[in-house]
Structure formats: C-alpha cells, structure tokens
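No value in this document is a laboratory result; all are computed from the given coordinates. These numbers come from a predicted model, not from an experiment. All Cβ positions, glycine included, derive from the backbone under ideal geometry; neighbour counts span all protein chains shown.
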Amino acid sequence: MPLDINTILAETRGKNFDLFEKHINPVFVKVLRIIGFNRSWVRGEGAYLWDENGTCYLDFLANWGVFNFGRSHPTIRGALQQVLDSDFPGWVGFDAPPLAAVLARELTKRMPGDLDTVFFCNSGTEAIEAAIKFARASTGRPCIVHLTKAFHGLTTGALSLNGETSFRRGFEPLLPGSSSVVMGDLKGLEARLALGDVASFVFEPIQGKGVNILSDEYLLAAQDLCRKYNTLMICDEIQSGMGRSGRFLACQWIEGLQPDIICLSKALSGGYVPLGATITRRAIYDRVYDSMDRAIVHASTFGMGNLAMAAGLAALTVLDDENLAARANELGSRFRHGIEAMVPRFEFLKGVRQRGLMIGIEFGKPDSISLKAAWTMVNKINENLFAQAVVIPLLDDHHILTQVAGHATPIIKILPPLNIKDTDVDWFLRALEDVMVKLHKFPGPIWEVLLKIGNHVLTAKQREGRSADT
Ligand SMILES: Cc1ncc(COP(=O)(O)O)c(C=O)c1O
C-alpha cells in the first residue's frame, strides 16, 4: 500500500498523545495534560494554529522563536519545493555544496566586524558545540565562562554552560573547566579571566530564560576584559537573532560590540528544516582546520543539506523583503505601551522587558492582604505556578499560546512571529487584561484551576519522593 501521510494524520487525530505517551515521553504528556496543552493541531499558517474543532489560536510561543516568519511562509515553502523538484544532488560528501557557499556569503554580509567564515550544523546546541571547539582550538585554552542564568542547549558541552541546575542533575560531571559568573559582575569576570586559561566568555545578548537584556555598559566592559586577557567572545543569537530583537542580531544594538564567534539557529531555518550556524573569522577557523588531514575535523553528516540551505536563503529574503526587523520594533513598542498602561491597574503586574518582539511580562507580590495571601500560597506550592496562572487562561479562554519564561521566575514570555498584524497585538492585550481582571479576584475560577494544578504537582512530588525513598 502506498504511504499516505494524510491518512496517518487523520487516523491518529486525538490519539496522538496516547501514542506519544506509549512510545516517546510519558512524563511530557503528563505535563501537557495538566496545563491543558494537549490539543490536536491540524493546521498552521502564519501566526495561527487550528485545532481539530476548527478553533483558531494565536501562536506566540512560535516553537521558542523558530517561527519568526510564521508557519508555511510561501517564499520559504516555495524555495524548498524548488529544491525537491530540481533533483539537485545534496550530501555528496566529498563536495562543496553551492547553496551552502551562497548562504554563508549572505550571512557574513550581515555580521558585525570581520566575521567572514561559517560552519553549518543542524541545531542551536550544535552551533554552540562548534563554538566551544573553535574557541578551544584557536586559543589552546580549556575553559569556557558563562553566565549564571544562561541557556545554550542540552548536549553535553552546551549543557556545561547552563545556569540551571535542574537541567544538569544526573548528567554531571560535564565539561571540565566550565564555570559561571553573575551577569553584571565585572570584577568576578576579570578575576576568572586573569587566570589565563579561559578560551571564551559566552553570552546571550538577551537571555531566553527570563528575558534579561544585558546592558551595553556590561557587554562593552566585558569585551574590554576579554581583549585584555586574550579570551574570545561567543555571542549566542540562537533565540535573539534573525530580526527578533529589531536588528538582524541583538548584539548589533550595541555600538562597538564585535563578538569573535556568533551562533545562529531557530529562525534561520525559516521553520521547516533544522539548521544552525557558527560564524567566525578566518583566523579562528584556520586554527581548527589546520592541515589537509584535519580538513573535516569538525563536521556532521547532515550539515549543509540543500533543503536547509535553501530554507536559510529564503528566510533571509523574507526578513529583508518584508522589512521584518523594523516591523519587530514597531510591534514591540505597541506591546510595551499596551502592557505598561495596565501596570497601575493590576497589583500582580510589575512590568515588561522588551526588545523588538522578545518580550517578558513580569509579575510579583501584590500589596493587598488577600491577594498577597494567594500569591504566597501558590508560590509555596511551586514557584512557576503563578506564571502558569497567566499562561493557562490565555490558552483556554483566549486561544493564545505563550510560555513561562524559565524556572522559578514569575515571568511569561511571548515570541510572536515578526509578521503578525496590529489586530493580533490587540487580541493579546485584550486577553492579558481579561486574565489580569480575573486573577485579581481571589477566590475565583482561575485560582480554583490553579490550586487543582498545584495539587497535581504536590501529589506527583510526593509520589516521586516516596519512590526515591524506597
Ligand atoms: C539562546 C539559546 N541557545 C541555544 C539553544 C539550543 O538550541 P537547540 O534547541 O536548537 O539545540 C536555545 C534553545 O532554546 C536557545 O534559546
């Protein structure tokens, strides 16, 4: 029988969670069921998803920043179809793929400073792994310094640069010589670099976890220190790049900042094909590929595939042709003003962290007695629970996908596609206002849902505790 993907999709509709639970990850399915994200999606286009009942949702999760150009963008889809129709051979192995060379040229045109050489891979974490290896090989030093709240991926090397202990538990010891410094602590950074064994200082200009925007002063001073101690700067633009921040790269907001290595992924693929890139200067690259028998000393079988390269070229075209970095700025200001206007009205709402369309909405302890009691109660159960109290009704009542911005942070993050409409901003602002109104009524229906979830979390924790004891 010929393979029919549409039949498979139709037959598994509504049953996908059971199947996934059985053969892939039951714990994740449990989480999805508790927070109500167990919906069967049947279609995606632009910033919208449709479920099996035909309900339209606004996707402000965008797969953690992959869909800067929305789903099914015709230019990106068209480029992929052209590659498939061309029969042009990819992955010959001993070859120099032309689409890869052109995408590398186009990327280097958009880089700060003299970064003129690209390594292609298939994900963000692989882009970081390459950066770690390039930094070590070119400096001859073993250590990498990262920030305490960093996230750079989950393969072993990238995980060594992760600020969150819960990700690391069970996988240690990780890369020897990796250590963290606190953002803003220049003395701590200098003390570490002065030991003379640090190959690189790695940072996200806007941290994905918590949407912390690193200040110009801090990064420029860190750059001076890196230059003083011959340490390379790796700038992780995997989430903040590709127009998301309102510039091609978020580091380009800072005049004079010129990282030595830049990592891109997520939106670089236009949302269809996995793709990552590590961009550096020739002198660094040449220290890695330093002889003919080391010509492919760092490589990956599926690197530089024609579909990924075409998707990358199409993504750059869409970004330029639709002027989406500028649009991200315009839309970002609209969100900021709308949210800030609500702050005086809602005790739980504390502020907004925003650059372009990378937006964190901050919540915190209210002043009035009854709300303070509610805040304390949920935070005692779980430090992520309050943020879920915003995410869940945004999805259930207003059909908007958002996310909690990190572990134990009362912040939600939105990463809307850069080509959304003004009316989508209004949809979100109206929804946030409604959720705030409801959350400021305690007791009330949202709090009941929250406590139910809190009970699930507590029971699961108790069960885990009991099985760990036995
Ligand atoms: C800033 C940053 N770096 C690296 C990564 C890892 O990327 P990937 O999940 O493609 O491995 C992510 C993923 O969320 C990220 O946000």
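Count Lys and Arg as plus one, Asp and Glu as minus one, and take only other residues whose Cβ is under 10 Å from that of Glu21; the net charge is then +2. Computed from the Cβ-Cβ distance with R0 of 41 Å, the FRET efficiency linking Asn38 to Asp321 stands at 0.65. Can you give me the angle between helix 74-86 and the longest principal axis of the chain, using Cα atoms only, in degrees from 0 to 90, rounded to the nearest 10? Roughly 50 degrees, rounded to the nearest 10. Could you give the distance between the Cα centres of segment 139-172 and segment 222-272, to the whole Å? The distance from the Cα centre of segment 139-172 to that of segment 222-272 comes to 18 Å. Add -39500 (n - 2.57) for each DSSP H run of 4 or more in the chain, then divide by its residues: what number comes out at 222 nm, to the nearest 500 deg cm²/dmol? Value at 222 nm, helices only, nearest 500: -14000 deg cm²/dmol.
The gain in end-to-end length when the Leu174 to Phe88 segment is fully stretched comes to 26.8 nm, 0.36 nm per residue minus the alpha carbon separation.
For a Förster distance of 30 Å, can you work out the FRET efficiency between the beta-carbons of Lys22 and Thr376, rounded to the nearest 0.05?
0.15
Under the simplified labelling scheme, the Met1-Gln81 pair shows an inter-label distance of 2.9 nm, with each label point 7 Å from Cα along Cα→Cβ. Around the Cα centre of the chain, unit charges on the Cβ atoms of Lys, Arg, Asp and Glu (plus for the first two, minus for the last two) sum to a dipole of about 1080 debye. Over all pairs of different C-alpha atoms, the chain has a mean inverse distance whose reciprocal, the Kirkwood radius, equals 23.7 Å. Charge tally for Ser300 (other residues, Cβ to Cβ under 13 Å; Lys, Arg +1; Asp, Glu -1): -1. What FRET efficiency comes out for Ala295 versus Phe167 if R0 is 35 angstrom and r is the Cβ-Cβ distance? Round to the nearest 0.05. So, using R0 = 35 Å, E works out to roughly 0.50. Nearest 10 degrees, 0 to 90: what angle lies between the long axis of helix 324-342 and the longest principal axis of the chain (Cα atoms)? So the helix axis and the longest Cα principal axis differ by about 30 degrees. Summing charges over all other residues whose Cβ lies under 13 Å from the Cβ of Arg33, with Lys and Arg as +1 and Asp and Glu as -1, gives +1. For a straight C-alpha distance cut-off of 16 angstrom, the lysines reachable from Lys209 (same-chain residues fewer than eight places away being disregarded) are Lys149, Lys266, Lys413.
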